Every structure is written in structure tokens, then in C-alpha cells.
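Take a look at the structure below.
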Number of protein chains: 4
Amino acid sequence: MINLMNDYNYTAHPRVIDALREAAENRYVGYGLDEECFAAAGSIRGLIGLPDADVFFLPSGTITNLTALAAFLRPHEAVIAPVSAHICMHETGAVEATGHKVVTVFSDDGKARPEAVRRAVLAHTDEHMVKPRLLYISQTTELGTVYGREEMRALRDVCDECGLFLFIDGARLGHALESPACDFTLPEIASFADIFYIGGTKNGLLFGEALVICDPALTSEFRYLIKQRGGLMSKGFLLGIQFRAILEDGLYFELARHANAMAALLSDKLVHAGVQLLADTVSNQVFLFVDDGTLRRLQEHVLFEVWAAKSERGTPIRFVTTWKTTLEEIEAVMELL
Amino acid sequence: MINLMNDYNYTAHPRVIDALREAAENRYVGYGLDEECFAAAGSIRGLIGLPDADVFFLPSGTITNLTALAAFLRPHEAVIAPVSAHICMHETGAVEATGHKVVTVFSDDGKARPEAVRRAVLAHTDEHMVKPRLLYISQTTELGTVYGREEMRALRDVCDECGLFLFIDGARLGHALESPACDFTLPEIASFADIFYIGGTKNGLLFGEALVICDPALTSEFRYLIKQRGGLMSKGFLLGIQFRAILEDGLYFELARHANAMAALLSDKLVHAGVQLLADTVSNQVFLFVDDGTLRRLQEHVLFEVWAAKSERGTPIRFVTTWKTTLEEIEAVMELL
Amino acid sequence: MINLMNDYNYTAHPRVIDALREAAENRYVGYGLDEECFAAAGSIRGLIGLPDADVFFLPSGTITNLTALAAFLRPHEAVIAPVSAHICMHETGAVEATGHKVVTVFSDDGKARPEAVRRAVLAHTDEHMVKPRLLYISQTTELGTVYGREEMRALRDVCDECGLFLFIDGARLGHALESPACDFTLPEIASFADIFYIGGTKNGLLFGEALVICDPALTSEFRYLIKQRGGLMSKGFLLGIQFRAILEDGLYFELARHANAMAALLSDKLVHAGVQLLADTVSNQVFLFVDDGTLRRLQEHVLFEVWAAKSERGTPIRFVTTWKTTLEEIEAVMELL
Amino acid sequence: MINLMNDYNYTAHPRVIDALREAAENRYVGYGLDEECFAAAGSIRGLIGLPDADVFFLPSGTITNLTALAAFLRPHEAVIAPVSAHICMHETGAVEATGHKVVTVFSDDGKARPEAVRRAVLAHTDEHMVKPRLLYISQTTELGTVYGREEMRALRDVCDECGLFLFIDGARLGHALESPACDFTLPEIASFADIFYIGGTKNGLLFGEALVICDPALTSEFRYLIKQRGGLMSKGFLLGIQFRAILEDGLYFELARHANAMAALLSDKLVHAGVQLLADTVSNQVFLFVDDGTLRRLQEHVLFEVWAAKSERGTPIRFVTTWKTTLEEIEAVMELL
């Protein structure tokens, strides 16, 4: 079976496994206070050009989201997020379980728009309503789209205007940065966001997300909050080892580039073959419509997600590529269409 | 430096790393619904002799504790735990952060006593107080002590009498089962506990705890709760792979046996050398008193924890052994005393 | 100033004040375990024809909502509510603060529709999403509309089909029951709802809501939950005294009838005078459009709420009538138009 | 039956009922933004001599405690309280339900001691533990004892030293201020406490507590928090009306003085009659030991609380006096002894 189901269907890049194997005889201090974590954090600070940023390593996306969002909000403060955001639909109410409302803004492509954010803030006028305090977006979005510089700057502006923190879920930040739709760099992200993370789980690591808090004022006692929510790994050094390995020689970006390239190639071939896409492919996710026969044929040989119910244009499905996806796999898929 | 600081100062046993390496070309279903997890769960069900038990794999101890405790309690229900329990002092109020009070019972050796549990329950008489509903204990305890069969049975009885679930934190369950102080087996634990876990992080895995819910009535929709608290790893198969590797040929128990043996050996030598212990050594933790000169000498060559403030008997310190601790390390420590 | 701002702008009906005055020399048992509360609960059980129902008295609406909703839900379970529901917009995230997500369904008239509820349930398919477990509606709705028997029965059916509890916020239940749009009685409500309340604050009491739990299985230990959330008044008898007074000789219904009649009269006169209404008036709220001149004139002599921003039909405003609203006030308002 | 069970067994002082009756024809703005609340708040600011203090009126004690404590704490911060404190034992885990741990310090007389507070703070050393941030005490305590000026100043000092807010639960603040054991005044309380409240429910009101936040920096958006927890009464003016009535001409203090005087008188007579007290009587609670015969005799004619299990000195019971307790009642009780 060819697996285009998601980007977390493999263990890790060999360099990551090797780094763990080479550390076999080492002993480490616990809870992320080891040299591996310090070094990885230092690399990240270098990459983003913010020497004062704080970097924390957490095991996975949901716990990173819920820990960070709950850390910066008072009980009556709320998060704004586009309706398709991971925290809205696919985290089983994790943010609400910390006591905070998520106010959704409409979006048809996964992106939050400044005007919608402003309207959401203005609709909350007094103490009978929650107070929006943080805008949550994802780069890439859950729909594979990517914010460009002007879009990001406009969101930063509306956050400044409305007194919102800007939080960027970067579970697929590598894919975003390597996207043709992204005309800005990692250091620029750090200038837009108050908090963001560099996702490892979906781009080569066994597991792990590197949370960057750009404003030192927000980091106060943040380790307490990681511990309280259960995200402070006793073997925190595992995260440091992995991030060091993947950041070395730009491997992290190379892997994302490959995944994007495979998606772009698949996408081109699909269009060429007359297949309808739901949207342009700009990262490692391809959304397309298939007819019933194709759907059945694909399901025999490929793992992928049926994205929504069948419409008149066919059944929308999603292919996700990774650093492991091969040309042969792309071609094998094309032969089924 | 010899590291006797804790039992999570290394990456993992080579067989665990090898298993991950051998899985390099595999593709997996996400979120723990893969064959590796199913196989590891099957092994555990076999080992405990409960074919209907449910087994869930979580990344670490605190998130296992907070997820499981919050899953089974209504908002007004409380946990009872001995005062030295991990959830009382070393999880930054993780249980309270889910909304539940932890009622402590006095204990001088880390163990809960039936009479103290009963008194705590009886002190809660009406709706102006929380309602105790679950007893949390650890095997081994945080102080390295181990419950024997009669102690465990007496706790089960008081739980039945008082309407409490019995939850056993098994972060060091392997060390407990291999302890000379433990006169019962893994299947018996499953007959005492409603919920317990088999700790991997402290006994050979990179990370991972296997939570066993013995009563199928309690498992309803438990995966929702893991997801909501952030403990449902997208690459859940990493836990399945690791547990399969460590459970094969009894490796898990062998590693715990080695750690215990090293602690016992060290302990014997210490006693022989006239050093005072705080308590008998029955698992992989050794508590001893040292004078100021010894303390300084040790600190130059060994990593360990100063357990409490100096008293007239000296400064109490803790040595923790693991499956990696060697005879040479034990002897090197003895030479410093 | 004529006050048509809301239905909680007065102290209480004289009979309520008198009842409190007459109790001046009495002494009572605390926390609602007194004869006044028992008698008032008995009256309510009689009125609804459910001898086994449990009745609890709470001081106000938000605390009744948050206590009851959190009592019946496990952590991953969610509430469904129409987008204009009080808990969605006007309780500062009180439900989310207990850890539960509120899933909104679209509604243009304040009412939940069965098809929208079913769709919302079906959209939640697995453990990555919350599990809808309770439908929250209001009778009358926040927009003054009223469910009829067939609408209510259809909601009950969809709740049965989807495994949802049905909760009816009855802050204005009296006004609903006396509405021409309501073709069913109080006992029938008890057959539709699993939990509902009879609002006192907006219909003659100083304060107080009577929460009725129709299914005895749901009441287990409910007093613990009231206490924990802060709604268990030490002088619970104040609620018993007031409800006894207002329920005597049908006063509660008489007051609601008067308020509705005043709204209907005002509404008729407005229509007659050519004023445009947003919707038919069926309870004690009147929604109308006014031009700028009328708006200014009204604001000099009448307190009322500007409901939304000005549109091409004028500025929508809301008049609320109560048991204290007089014919003279209605006429005085009409003269301003 | 003579009722010495508690100090909330009556409705309200006649002046309070009269004030409500006289307001029958008034109309008010909702949610505590009315002139009655403004005037009552002004009176309180005058009495405490803090023109910048913020005053909020809440319906009862538990909701005041849980709202205020949760408002000022970040998720990992904890409350310190003496073991007998109301929030520890008699609020069904209300504080924990907001997510915060309550760290108890030993006390045999209901008072927190500076040294115990300091030790509790120092025992919390890093991010594996909660961070104590607020000291909760009661004046009078649950055991009827009263802090003097030097004790209060010493607690203020330890709070300053350890970075704690000082919160004083004043459910019986009137009784404390009128106690012979209290050598300081209301304005001084405001200089010791960061937050405190003046209890109305137990001293003449139907219900209501006036929360004073002395540090304007802490009041930011506090109304949001009251609303979210369900304590923002739509008819907030009822609290303003009542507090104005009770504060006029010093009535509040007069009522407390009377209750204390009745307790002192009863206490003197008991001592004179050879009855053993548990502790000196300094406010409106009397704790005494009775033998079995006396216990039975009293139970036939008097309502009171059995405080604890029988010991060799007899059964400890509690009498509580109020502004309504009469000389005749005291004498009638004495005749039963």
C-alpha cells in the first residue's frame, strides 16, 4: 500500500534515529535542562535571529497548543481561530478543557482574515461576554494553504490594534517556509508572532515541537505550566537530541522541500490528467475530486483520507506527501487515475 | 561522572532503539490504532491474565495520572493519596488543574494505610465537602518502598468498603514486581487495581507508560479523554514498537531485576561499611546518611539527589540505580565513602 | 423615565416582599433543607405532575446553567445550543470555564431546529472531536420566540435519536407558557425536557430559579455540585419563601400573562401606527425598527435597548414588558412615536 | 426551639426588609451598575478610608471566595490556608474546581501563623510544584478566634516577604471588629489585606457580601470574572439597597456587637456554672463540652451543632449567637445546663 494518508505515518529520519543511537552511553540531566536542549534552543534562536527568545520542547501538537494558550490567558479571555483550525475541530475541546472559549471566524480556505478578526473582537463589548485576547492561526493551515507576508503583516496589525497575542501553530512550519506561496523567512515569523512553534513530528522527528516565545515577558514561569499540563518529559533530552539532528545542515528544510516537491509534482500530473483540484497545491497536501470508479481503484492500493462527502464534482480526497514519498509512489498513484 | 541521580538519565535500551531502527521503512496508521500497539496490548493482556482489560499507551507519567484520574471522577469527587505521592507534591497541581481535590493521608514510608484511608473517607460526610472516590497509590512508592500482598489486599478491601476506585501508579512497577518485598505477581495486581500502569520510561524505553483499565465499564470513550488532555500521540505506534521490544523474552523484568540487584549490592556494601540507611533497600532506590566530608567527596564524582536537609544523623541522600548501572560504578562509589 | 429596558429592573412583587416580612420571626434550617423549600418543591412537583422529580432552588440564571450543564457531562462531552443562546454570547464563557465546549447551531429566530442539531451531532465522528451530549434551548428564546408542541416534540425526538439530554432554560418560562404561540402546558414540558427551570427573577421574585430534574437518575449528588459552584445559599429558605408566595393562587402565571398582554397591546398599537416589527410579538419582548428622530425622542423618555446597528429599515430596538408595566406607560410610549 | 445552630437562620433585619419594601416602585439599571450599589460602595470606601478601593457585591461566601481567588492566580499558582479554613473543608472543592491547589498549614485555633506560612512557601522550590501566591485567612476564623493587630501585621509581613497576596474572608468581619480580641479597625484591615470582604449574610442582610479590592491593579476586568462564575446578579441593586440599609447609622456594627455580647454573656454564665469551654469566647461562637445528660436535655429544646466526637472531657458543641439572640434565650439555655 502506498501511504498518502498523513505526514506522521513513519518513525523518523535515519539521522534522528542515528543521533539517538549514538547517545546510547550518555547520561543526561532530566526535564530538558540538558546540553542537548540548550544547544538545540541555541540553534533555533540563531535561525530566527532572536537572541532573547525562549525555546521550549514539547512532545506533540495538542499539548503544545493547550499549554501555551492557557498560559497566557486570564480565565475570561478567549482565543479567536478560523473555523477549520485544529483547536476548533480536532482536539476534543482541549482548549475549552482549560477553561477558555474559542471564538471562531469564518474562513473558506483555512486562513483568518483581518476584517473577520476585527469584527469578532468588536462583537465582544462588555463583561457579559468573553474577551478575545489571542489569535490562533496555523502556517500551513489545515487546508494546506499558506499565508504570505502581506497577509501575515495585516494579521499582526489587527492584533496590535485589538490587543491580541498572535500564536502560530507551526506543526507544518517547515512545509510553509519552503512553499512557493510563502514570501518570507523564519526570522520574519518571529517578528510577526508572539508565540509560534516549529513542528518536528510531521517533518522527520519521532516526535517533538519546538515552542518559541518571542516576547520574554510571556515566558515567566512557563515551565510550571508545561509540567502542570503533563508536557514536561523527564527525558527532555530526547527532544534536544532530535532537534539538533534535524536542524543540522538544514536537513529540516530539505525534508520539507522534498515533501512539497512531491506534492507539486503529483498536483501537476493530476491537473495535466484532467483531474479537478479543490485548491492550488502550495505545500505537502493535495486536495482533489475523484469519481466513484477512481475512488474504488485508489482505495485498493493507496491509503488516503476522504475529505468530505461526495458532491457533484466528485468525492473530495486528500493526499499528503512527506520527506519519504518517492517518485515511484507518485507515478504508481498516477497510473491508478 | 557516575550518574545515580534518577532512572531516566539515559535514552533507551539498545533493543528498543533497534526496534525503532528496524521499523524505518514501515508505514503506520496513526493515533495508536496500529498493529504494533495492538500486539503490545495483547502481550500485556496475556501477562496480566485479563483478556478483557483495555490497554492504552501514553507518553509519560504526569499526563497518564491526570488523564486517568479526571476520566473517572465527577466534578465533586476527590482523590485520596499518601502525602508523599507524586501527584501531591511533584506534578505542579496537575490533578487540581483538572478540577479535583487531592485529599492527603499521612504516611511516613510512602504507603497508604487502610485505616488512614477509611478515616479520610469518613471525615467527608456531606455535600459541603468533596466526595472521595479514588485511592491513588504507587508501587514502588516515591520512597522506594513496596506493598506486599496483604497490604494490597487490605487496601482493596477498604476501597470496596468505601466505594473507591484503586489506581496504582506503576512508573516503577517492574522494580516493584522484582522486589524481594513483593510477594505477588503481575496478574494479581490486575485483581487488586481498577486501573494501573506499567512504566516504561524508567525501565528501558525512550518514553511510554502502558495504562491498564481492568474494569471494561471504565474504558468507555477513554480515547476522547486522552486526546483532550494532549496525550494521544499521532505516532502512537512508537509506543507499540517500544513496548513490544521491551516485553519480548521478559526483557522488561530482567532490566528491573538488574537495577534492583545493583541497589541491593550497593546497600549491602554501605551497611557493611557502617553507613546508616534511612530505610531498607527493596527496589532501585537507596537512601543513606552521609557526613559533610563524604557529601563533598561524592559530589565531585557522582550525580545524586540530596533528599532533605541535614539532620543529626547526617545529610540524607538518594542513589537510584538502573538497568545500566554497572558493578564498576558501584565499586567506584564505595571507594568514595 | 419609563423603563422597558428589561424584566429585572424592579425589586419584587409585593406578595413576595410581604412573605419575607411575615417570616421575620422564624428560624430556619440552612442550605435549602427547610420546610419552605420542601413545600415550594412540592407545589412544583404538583404543577408539573411528576411526583418523583427533583427540584433545586438556585439564586440566578448563569449559575443555574453552568452548574446543571457541568453536572451531567463527562469532560469530553459538549453542549449544543443555538447561536443566540444566552450561554453562547452572554455568560462570559461560563460553560467553557467548567471545561465544556458549546457547539453552536445556526438559528435566525433563536430556536434550535432538529435538522441542525442532527447535523451538528453527525459532524462529530470520533475521539478527535468533542462528543455532543446535551441540547440547550430556551423557552422563550433570547429573541422572544416560543416553541410550539410540535417543535418541542421534534427536538425531543432528535435528542432521543442522538443520545442528547434536553435542557430548557426557563428564565422566562412563565411568559412562554402564557404565550399564544405555546400550545402546551407545564406538565408537558416535564415530559419533553430532562432538565428545565422555572425562572423567578424575571417574573416577580427578588431572585431565584427553580431547577427541575425530571429523570431521578440525574439527580444523584446534585447538591454537591450546587455547593461546589457557589450556588447553595446558606439562607436557602429565602428561595422557598419566595417561590411559595409567587406560586400561590397562580400568581406566577398571572404576572406573566400581564407582561405578555402589555407587549401584545404595545405591539398592536405599533403595527397600527405603521411601525415595522422585526418579528411577531408572542411573549414580553417587542422588537421594532425606528427612524433616527423617533430613536432620539424615545431615548429622552424611555429606557430600552438598542438591539443592533442601524440598517436600511431603521435602528432595531427592544422593549421588554413586565408584570409592572402599565397601560399608561404603553400609551405614553405610543405618544412618542 | 431556641436556635443557636448558626448565624444564618433568620431572614433579615427589619430595616433591610423595609428598605426593600420602600423601593417597590423604583426601577433600576441591572448588574450592579445602579445608584444604590454606587452609594453603598461609596459608604464602604469611606469607612475603610481608601478612596481608590474597588467594591463589588456578591450574593454569598463560597462564590465570593472562588471568584476572587481564581481571578488573581495564574494556573500554576496556589492558595495557602489554615487546615480548618472554610475553603479547605466546607466548600466541596470549589477552589480546586477552578483549577488551583489549596496548600494547608497546620493550625489548632483556626489562625495561620507566619512561620507555618513561610515554611509552606519555602517547601515549594521549583516548577515541579505549585507556586504559592495567596494567603487565605478568615477574620473571625471558623473557630471563632480573632487575629489581633500584631498577628495581622506579622502575616502581612510574611506575605510581603514571600510574594503572597493576603485575602481575608470576612463572612463574620463585623463580629471580629467588635471583638475584644481585635485591637484594630476597619481602615487598618484595608491596609493589611489586598482583598477582603464585609459579610452581610451572617449579620443582618438577606444575603450579600461586599468584596473590597484594595489594590486597584487587581481589579482590572474583575466584573468579567464575577459574571463568568455566575455571581453577577441581574438585580444587583438588591445588594446595594441592603448594604445601604445596614451600614446606615452603624447598624452593621451594632448588630455584631449584640451577637458578641450575647455570646460573652452565655460564656460567662457557663464558666460560672462550671462548664468547660474549648476556648475563650471572643466573638459570636461559643464552644463548650457537655456530658451525655446535658447533651440530651439541650437537644430537646435548643438547636445547635455537635462540633466533634465525644472525648473524655465530654461532647464538644457549638452555640452561635446573632443580632436576634435574646437575654431570655440565653437564660433558657442556662436553665437546661
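Under 1.5 on a/c is rounded, so check that first for the protein assembly as shown, then, if it is not, pick prolate when a/b is larger than b/c and oblate when it is not; a ≥ b ≥ c are the square roots of the alpha carbon gyration tensor eigenvalues.
oblate
Rounded to the nearest 0.05, what FRET efficiency do D:A273 and D:A39 have when you use their Cβ-Cβ distance and R0 = 35 Å? Efficiency at R0 = 35 Å is approximately 0.15. Counting from the shortest, the label point at B:L295, 7 Å from Cα toward Cβ, is 5.1, 7.2, 7.6 nm from the same position in each remaining copy. Residue-wise HN-Hα couplings along the stretch A:54-64, as the Karplus relation 6.51 cos²θ - 1.76 cosθ + 1.60 with θ = phi - 60° gives them from phi, are 9, 10, 10, 9, 10, x, 7, x, 4, 5, 5 Hz; Gly and Pro carry x. Return the loop-located GluC sites (Glu not before Pro) in the stretch A:248-331 (DSSP other than H, G, I, E, B) with at most 15 other Cβ atoms within 10 Å of their own Cβ; answer none if there are none. Sparse-neighbourhood loop GluC sites (Glu not before Pro): A:E312. Considering only A:R156, A:R229, A:R257, the Gaussian network model of chain A with Cα springs below 10 Å gives its largest mean-square fluctuation to A:R229. Across peptide C:27-35, how many C-beta atoms of other chains are within 10 Å of each residue C-beta, on average? Mean number of neighbouring Cβ atoms from other chains: 4.
Looking down the axis that turns chain D into chain A, the chain D residue with its beta carbon nearest that axis, and the gap rounded to whole angstrom, comes out as D:G99, 3.
If you take the square roots of the eigenvalues of the alpha-carbon gyration tensor of chain D and sort them as a ≥ b ≥ c, do you get rounded (a/c under 1.5), prolate (a/b over b/c) or oblate? Kindly include the intermediate steps, with their values, before the conclusion.
Numbers: a/c = 1.88, a/b = 1.17, b/c = 1.61.
Oblate, because a/c is 1.5 or more while a/b does not exceed b/c.
In this assembly of identical copies, the label point of C:P51 (Cα plus 7 Å along Cα-to-Cβ) is separated from its counterparts by 4.9, 6.7, 8.3 nm, sorted shortest first. Here the accessible area of the stretch C:14-249 is 52 percent carbon and sulfur, with a 1.4 angstrom probe and all protein chains present. Buried on complex formation within the stretch C:193-208 (loss of at least 40 square angstrom of accessible surface versus the isolated chain, 1.4 Å probe, ligands and nucleic acids ignored): C:L206, C:F207. Near C:Y28, the amide H atoms lying under 5 Å from its own belong to D:Y10; only residues 5 or more places off or on other chains count, and H is placed 1.01 Å from N. Couplings for the stretch D:95-103, taken from phi via the Karplus curve 6.51 cos²θ - 1.76 cosθ + 1.60 with θ = phi - 60°, read 6, 4, 5, 8, x, 10, 6, 10, 8 Hz in order; Gly and Pro are left as x.
If each DSSP helix of 4+ residues adds -39,500 (n - 2.57) and the sum is divided by the residues in chain B, what number results at 222 nm, nearest 500 deg cm²/dmol?
-12000 deg cm²/dmol
Averaged over peptide C:12-20, the number of partner chain Cβ atoms lying within 10 Å of each residue's Cβ comes to 3.
In Å², and per residue, what accessible area does the protein assembly as shown have when probed at 1.4 Å with the other protein chains present? Mind showing how you got there, number by number?
On the way: 45520 Å² over 1348 residues.
I get 34 Å² per residue for this part.
Which of these, B:F192, B:F243, B:F57, has the largest mean-square fluctuation under a Gaussian network model of chain B (Cα springs below 10 Å)? Greatest mean-square fluctuation among the candidates belongs to B:F192. Close amide H contacts of C:L135 (hydrogens built in the peptide plane, cut-off under 5 Å, sequence separation of 5 or more or a different chain): C:I80, C:F165, C:L166, C:F167. Using a cutoff of 8 angstrom between alpha carbon atoms and counting only pairs six or more residues apart, the relative contact order for chain A works out to 24 percent. What residue among D:A94, D:A68, D:A24 shows peak mean-square fluctuation when chain D is described by a Gaussian network model with Cα springs under 10 Å? For chain D, modelled as a Gaussian network with Cα springs under 10 Å, the answer is D:A24. Taken as Cα centroids, the stretch A:166-223 and the stretch D:224-275 sit 55 Å apart, rounded to the nearest whole angstrom. Projected label points at A:R118 and A:F106, each 7 Å from Cα along the beta carbon direction, are separated by 1.7 nanometres.
Label point of A:G274 (7 Å along Cα→beta-carbon): distances to the other copies' equivalent points are 6.4, 9.6, 11.3 nm, sorted ascending. Computed with a 1.4 angstrom probe on protein heavy atoms, the B-C interface buries about 2100 square angstrom of accessible area in total. Here each label is just a point 7 Å from Cα along the line to Cβ, and for C:D280 and B:M1 those points are 8.0 nm apart. Taking label positions 7 Å along the Cα-Cβ direction at both C:D18 and A:E161, the computed distance is 5.9 nm, reported to one decimal.
The values are calculated or read from the model by the stated rules, or taken from the named source; none is laboratory data. Keep in mind the model is a prediction, meaning the values are calculated, not measured. Backbone-built Cβ (ideal geometry, glycine too); neighbour counts: all protein chains shown. Ligands, DNA and RNA are stripped out before the accessible areas are found, and what is left, the full protein with its side chains, is counted by its heavy atoms. Shrake-Rupley method; radii C 1.70, N 1.55, O 1.52, S 1.80 Å.
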